[in-house]
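Novice: So that we are looking at the same thing, I have put the structure below in structure tokens.
Please treat every number below as a calculation from the coordinates, not as lab data. These numbers come from a predicted model, not from an experiment. With ideal geometry, Cβ positions are generated from the backbone for all residues, glycine too; neighbour counts draw on all protein chains shown.
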């Protein structure tokens, strides 16, 4: 067993190998505090036939036993990955994938398991370090190590790998990954911080990353692993030359076509012609032809941008495509928008619900209700393809999460707007960043629904093309510019600052000056897009959609919650059944009533008010007779409140028998005229009217205690 320990950002980090999972190609147990994460990596010994990409899979698994919890659900075991686990898996995958050989066609699997969790030290960043270390000490070719850290900013100070409690105090939370020389990935959310504050966080993160990498280097140096040879692809120079010759200058002509589908059709036609011409001499050459044409396409598109400053669709490097923003496009939903930017289009819908519509999250942190969610769907028709739909992909989860985080800082506080908010972005067309279209469309649909947003949010995807000497930062990139470029940099924010960011680099050594240039150009583009959005709708609607449920709230004493709920929920169920409203009560005594009918809401509110109201001496109430006694009658004059109507308080004239005047369940008006020293409530029917003219109050004997019962053991009884 080999271990390495190092104190980084005030916490002791420990890496261990050689004790657990020894049959894996590489395994590392990493720990900070009482949080422990095991990363294992295994790569197959044979190539999967027909593979033309790196078949890497990353699984980040949170074991519920790690925090002493049992999973919910019928099976009581960990099932499919949660969204949080998927997002963590994606973050690790995006860091590792570029560091494997491009022609590594061996099935490779990284599994990161959270084995122990102390509730303070977050396991996802530790999982990245463990996964990198496991690959580094394995026999798999890997151009690492790398590391990632989470950064927060509390009272102006950057905090590396903050605890969960510290994150609640922070105005910035970003994940930064990198090598010892450069940054490779950034992702996170902020509360409208400036570009300079963001860059400061990235710089602080890189200093910690260097320490994590040094620790891994020590582990690798001691193990000194023997790596498998990188695959070498044999090239047929004669065949390659033939394909290049047949492409000639046709690629330049193809790249002059501005429409995506037409451009794609022209390239497909060229590939088909080359295959037809060469397949007799070179059978099964289809993939080779496509790869060569792909490389020529990449070279020409980059050359055109760097030398001429002209992009595939004819735009300048900082030019944004035409934008149209429409709202209220669907008649019966709560809020909707259709956001179109060039050949990218998102139909985004907002739905408002009660707290019962919140999503229940079950994780190693415990159970919690999620009252705001943004879900992103990318159907195959949006790119003109026909594919099998197999549920929500990891990509869809990731894009939805980025859009969700982008809008979160401008949502009203739950206390001020206690609705559950669900936004759904359905991508209708895609050529460029559909996640940023989802942000813009989501903002508009929220405003269309009448959600009182603090500010408008827009988003833009930036790109980079560089040959090491020249560079071009691209605003509002196309799909091809993302695919063939060196950077995908998405930035969202308000007029006052950044709300979310995601950056993936495909090159080494991006300088902070270049990153700053990209951020400044992104801000210009973001503000331009926001101005175009305002043409559709510039402020939230003054009232909620007429189709949205209306909500009424009432704050009651927490000691009265039980009276409103009733035994086994009897009272609240009765209110809901008779009024038809939805009703929730928070632990702080906030009663929420949801309904489309204002009269029903008022009825339910009055019912609750009556349940929690205190009886007032001198007030007249509508009551119902509940019991008849010889000495009077009991009446319920408030929900759960009874008082005695003494026989002498029934009428101004003499009452010989209570049953002569009153019946059970009879409705009467009563006056609460006394609350005695023992808390007993005395009611009167006769005092609700004026005494007859000439009425004289008769002299009465002292009233016996109505609660007194005969004592069977008394001396008088025995006599």
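Novice: Take the alpha-carbon positions of segment 550-612, form their convex hull, and give its projected area averaged over all directions (one quarter of the hull surface) in nm².
Specialist: 3.6 nm²
Novice: I would also like to ask the following. Using a 10 Å cut-off on Cβ atoms, rank the peptides 383-396, 522-535 from the highest mean neighbour count down.
Specialist: 522-535, 383-396
Novice: Based on the Cβ-Cβ distance of residue 598 and residue 620, what FRET efficiency does E = 1/(1 + (r/R0)^6) give at R0 = 35 Å, to the nearest 0.05?
Specialist: 0.80
Novice: State the Kirkwood hydrodynamic radius of segment 542-677 in Å, one decimal place, computed from all pairs of distinct Cα atoms.
Specialist: On the way: mean 1/r = 0.0586 Å⁻¹.
Value: 17.1 Å, from the Cα pair sum.
Novice: Okay, next question. At a Förster radius of 45 Å, what calculated FRET efficiency corresponds to the Cβ-Cβ distance of residue 332 and residue 653, to the nearest 0.05? Before the final figure, lay out the partial values.
Specialist: On the way: r = 63 Å, r/R0 = 1.40.
About 0.10, to the nearest 0.05.
Novice: Whole number please: convex hull volume per residue of the Cα set in segment 323-534, in Å³?
Specialist: Working: hull volume 31.7 nm³, N = 212.
Convex hull of Cα atoms, per residue: 150 Å³.
Novice: Nearest-5 percent of antiparallel DSSP beta bridges in the chain?
Specialist: If we restrict to bridges inside the chain, about 90 percent are antiparallel.
Novice: Ranked from highest to lowest mean number of other Cβ atoms within 10 Å per residue, what is the order of the peptides 332-339, 442-449, 262-269, 31-38?
Specialist: On the way: 332-339: 23.2, 442-449: 28.8, 262-269: 15.2, 31-38: 21.2.
With the highest mean Cβ count within 10 Å placed first, the list reads 442-449, 332-339, 31-38, 262-269.
Novice: I would also like to ask the following. Please work out the FRET efficiency for the pair residue 577 and residue 390, using the Cβ-Cβ distance as r and a Förster radius of 56 Å; give the result to the nearest 0.05.
Specialist: That pair, residue 577 with residue 390, gives E of 0.85.
Novice: Using C-alpha positions alone, give me the convex hull volume of segment 237-308 per residue in cubic angstrom.
Specialist: 83 Å³
Novice: Hey, another quick one. Return P(r) of the chain (all Cα-Cα pairs; 10 Å bins starting at 0; whole %; ordered from short to long distances).
Specialist: Percent of Cα pairs in each bin: 3, 12, 18, 19, 15, 10, 7, 6, 5, 3, 2, 1, 0.
Novice: Send over the semi-axes of segment 1-132's equivalent ellipsoid, whole angstrom and largest first, taken as the square roots of 5 times the C-alpha gyration tensor eigenvalues.
Specialist: 26, 20, 14
Novice: Need the full-extension length gain, residue 565 to residue 483, defined as separation in residues times 0.36 nm minus the C-alpha distance. One decimal, nm. Walk me through the numbers on the way to the answer.
Specialist: Values: separation 82, 0.36 × 82 = 29.52 nm, distance 5.78 nm.
Length gained, residue 565 through residue 483: 23.7 nm.
Novice: Mind checking the angle between helix 512-534 and the chain's longest principal axis? C-alpha axes, 0 to 90 degrees, to the nearest 10.
Specialist: Orientation of helix 512-534: about 50 degrees from the principal axis.
Novice: Sort 629-639, 660-670 for me by packing, meaning the mean count of neighbouring Cβ atoms within 10 Å per residue, highest on top.
Specialist: Ranking, from highest mean packing down: 629-639, 660-670.
Novice: For the chain, take the longest principal axis of its alpha carbons; what is the angle in degrees between that and the long axis of helix 195-223, to the nearest 10 within 0 to 90?
Specialist: That helix lies at roughly 70 degrees to the long axis.
Novice: Given points 7 Å out from each Cα along the Cα-Cβ axis, report the residue 319 to residue 44 separation in nanometres with one decimal.
Specialist: 4.7 nm
Novice: Also, quick follow-up: With angles folded into 0 to 90 degrees, how steeply does helix 598-612 sit against the dominant principal axis of the chain? Use alpha carbons for both and round to 10.
Specialist: 60 degrees
Novice: Quick check: residue separation of residue 246 and residue 689 times 0.36 nm, minus the Cα distance between them. What number comes out in nm?
Specialist: Numbers: separation 443, 0.36 × 443 = 159.48 nm, distance 10.78 nm.
Extending this stretch completely gives an extra 148.7 nm.
Novice: I've got another one for you. Please compute the Cα-Cα pair-distance distribution of segment 2-223 with 10 Å bins starting at 0, giving whole percents from short to long.
Specialist: All Cα pairs, binned at 10 Å, distribute as 8, 33, 36, 18, 4, 0 percent.
Novice: On to the next question. What fraction of the Cα pairs in segment 395-495, stated in percent, has a spacing above 18 angstrom?
Specialist: So the portion of pairs separated by more than 18 Å is 52 percent.
Novice: As a check on your grasp of the helix formula, calculate [θ] at 222 nm for the chain: sum -39500 (n - 2.57) over DSSP H runs of n ≥ 4, divide by the residue count, round to the nearest 500.
Specialist: After summing the helix terms and dividing by the residues of the chain, the value is -9500 deg cm²/dmol.
Novice: Contour minus end-to-end for residue 356 and residue 546, with contour as 0.36 nm per residue of separation and end-to-end as the Cα-Cα distance?
Specialist: Full extension of this stretch gives 66.4 nm more.
Novice: At q = 0.12, 0.19 Å⁻¹, what base-10 log of I(q)/I(0) does the Debye formula yield for segment 472-551 when every alpha carbon is treated as an equal point scatterer in vacuo?
Specialist: Computed log10 I(q)/I(0) values: -0.49, -0.90.
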